[in-house]
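Below: the structure, in structure tokens.
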Amino acid sequence: MLRRRLLLAVALLSAGMATASAHPHVFVDAREEIVFDATGKMTAIRHSWQFDEAFTAFAVQGLDANGDGKLSDDELQPLAKVNVDSLKEYRYFTNLKVGNKHVSVDFPSEYWLDFHGGRLTLFYTLPIRTPIAPGAHATLEVFDPEYFVAFSFVKNHEIALTGAPAGCKASVRPPHELDDATMAQLAAIPADQHDLPQELADAASSLATLITIGCS
């Protein structure tokens, strides 16, 4: 019985998380990477998303099947699959555009979870369905439009361009700030409300970090 916006379904099935109030409910520190092929086309997006400690604490309950006090790759892998399966419905919170054209991605070619320092990190790679050159202006947003999940980017490590041709650069535009009244309205939205009112959805969209990629 998966709930909406499932990044870590085990956590959301707990009564405490399901009855919590205030958007956002999950906090993610993100790092992004775009992979290029030898012809200068983008071929994949690699995500690294580290979840907050409170959410992690819910998510890992009961996962230590052998009781050794550690979480092995085998114990974490089923939860990793729940993550990527659930994210598919929401297009992985990933919006890549070249010019004004949306770029389609396929199901992750690899994915896993790591547990370290009391926090879970989800790593996964989205293949770009049809490799494409970024040209002079491509953009990447990683964002939940309903603001159930809040993404922050690790400063100075927001984006890496792997294998990019010389002359390719990336820049980062931080999110806008919302006024206190709007933030209070967002905070009042309960966890089980599926959609934000349109005016709040529009406001929340300004909280997205915009990554711009250009190749001369």
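Tabulated data
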read-out: Hits in the range 61-116 - residues which are in contact (Cβ under 8 Å) with a residue 24 or more places away in the chain, among the small types (Gly, Ala, Ser) and on the phi > 0 side of the Ramachandran plot; value: Gly62, Gly99
read-out: Yes/no for Ala208 being modelled with pLDDT of 85 or more, assigned to a loop (DSSP other than H, G, I, E, B) and closer than 30 Å to Asp37 by Cβ; value: no
read-out: Evaluation of Pro165 against (1) in a strand (DSSP E or B); (2) at pLDDT 95 or above (one fails), failing number; value: (1)
read-out: The range 151-169, residues that are under 14 Å from Val28 (Cα atoms) and buried (at least 18 other Cβ atoms within 10 Å of the Cβ); value: Phe151, Phe153, Glu158
read-out: Condition broken by Ala30, with the remaining ones in (1) in contact (Cβ under 8 Å) with a residue 60 or more places away in the chain; (2) more than 30 Å from His137 (Cβ to Cβ) satisfied; value: (2)
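The values are calculated or read from the model by the stated rules, or taken from the named source; none is laboratory data. From a predicted model like this one, the values you see are computed outputs, not experimental measurements. With ideal geometry, Cβ positions are generated from the backbone for all residues, glycine too; neighbour counts draw on all protein chains shown.
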